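Where a number appears in this text, it was derived from the coordinates with a stated rule and is not lab data. Note that the structure is predicted; figures quoted are calculated from it, not measured. When we count neighbours, we look across all protein chains shown, and the Cβ atoms used for this are built from the backbone with ideal geometry, even at glycine.
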Amino acid sequence: MLRKQFLSITFAFLCFSNAAFATDKGLFWKLESPTGVVSYLFGTIHTDDNRVADISPNVVAAMNSVDTFMMEAGENNDPNILLLKEGNLASQLTDAEFEQVRELADFHVMHMGAAMQMKPWLLAVIFDLPKPQTPFAQDNLLRAKAEDLGKNVVGIETAKEHFGVMDDFSMEEQMVMLRAVLKRTPEQKVADFESLMAVYLAGDSDKITALNEKITAGMLPGDLWIKIKDRLLDKRSVLMAERALPLANEKPVFIAVGASHLAGNVGLIHAFKNAGYKLTAIQK
């Protein structure tokens, strides 16, 4: 089962607490454009954890007030964009690594044949996560609610863009990512996930970004981490702003993206403020 647990080995995010109101670090925002159009920005966490499964009345009310629901990526109707263009992973793995992949594929309810054909960086993303409990990650639940409310649902990125973001990374670079995950114990993965959930539930986007960087950068060679951060986080945040801002200027939208795309100089909070929007933190 491939959930929407994609893009970065540990990038996962959002929720809210009263402490965020005194800062620019919140994760649920009302956006007022210079022309008076009201939209919303919501940082998500790509998990099916029960702690984030319930959609609050405030979030539902915000979604119901807009015309369009924007999420990170559109529907993927082509499974081939998840797979290697040629060859398979078996030839890249030692016998011990092959057995590790077999065990993790079983743990994550994935057919071994599919695992052998998948892009190594995507496989690393999946294998570094807790075992799925349901097929309904938070972003999927938000999308379903938007559809129930009769909203137009669009992806900021196409599925091809989303899952092809690291296609120009070499096989060697992608295997470094996969092997970094294979070296991690289940206890390490759970501990890191719980740390991420804690800062997510505390609602501080700066701490979320910092912890993600600490965890992921600690797993990888420095030059590779810099390249991944640029490609997966920074450039995508800029692209999201470029595509979301024009639509939010025209009509009310609800923008739901991974919370790591909110903070920092290239994050969406800065982008909307820089475009003249008034941002108001909302309690979840």
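What to note about this one:
- Over region 142-284, relative contact order from alpha-carbon pairs under 8 Å, at least 6 apart, %: 22 percent
- In terms of the mean number of neighbouring beta-carbon atoms within 10 Å, the peptides 200-211, 93-104 order highest first as 200-211, 93-104.
- Per-pair calculated FRET efficiency, R0 = 30 Å: S56 and A198 via Cβ, rounded to 0.05: 0.95
- Helix 235-250 axis, angle to the chain major axis (alpha carbon atoms, nearest 10°): 30 degrees
- Per-peptide average of other Cβ atoms within 10 Å, ordering 119-132, 147-160 highest first: 119-132, 147-160
- Ordering of 246-252, 236-242, 262-268 by packing [mean C-beta count within 10 Å, highest first]: 262-268, 236-242, 246-252
- Counting only DSSP H runs of at least 4 residues, each contributing -39500 (n - 2.57), and dividing by the residue count of the chain, the helix-based mean residue ellipticity at 222 nm comes to -13000 deg cm²/dmol.
- Relative contact order [Cα under 8 Å, 6+ residues apart], the chain, whole percent: 40 percent
- In this structure, the residue pairs whose Cα-Cα separation is over 22 Å, taken from K119/K227; K25/K189; K151/K273; K30/K151, are K25/K189; K151/K273.
- Structural descriptor for region 25-137: relative contact order 26 percent, calculated from alpha carbon pairs under 8 angstrom and at least 6 residues apart.
- Size of electric dipole in the chain: Cβ of Lys, Arg +1 and of Asp, Glu -1, about Cα centre, debye, nearest 20: 620 debye
- With respect to the chain, whose longest principal axis is taken over its alpha-carbon atoms, helix 138-148 is tilted by about 50°.
- Taking Cα atoms only, the orientation of helix 205-217 departs from the longest principal axis of the chain by about 10 degrees.
- R0 of 51 Å, Cβ-Cβ distance K227-N64: FRET efficiency to nearest 0.05: 0.80
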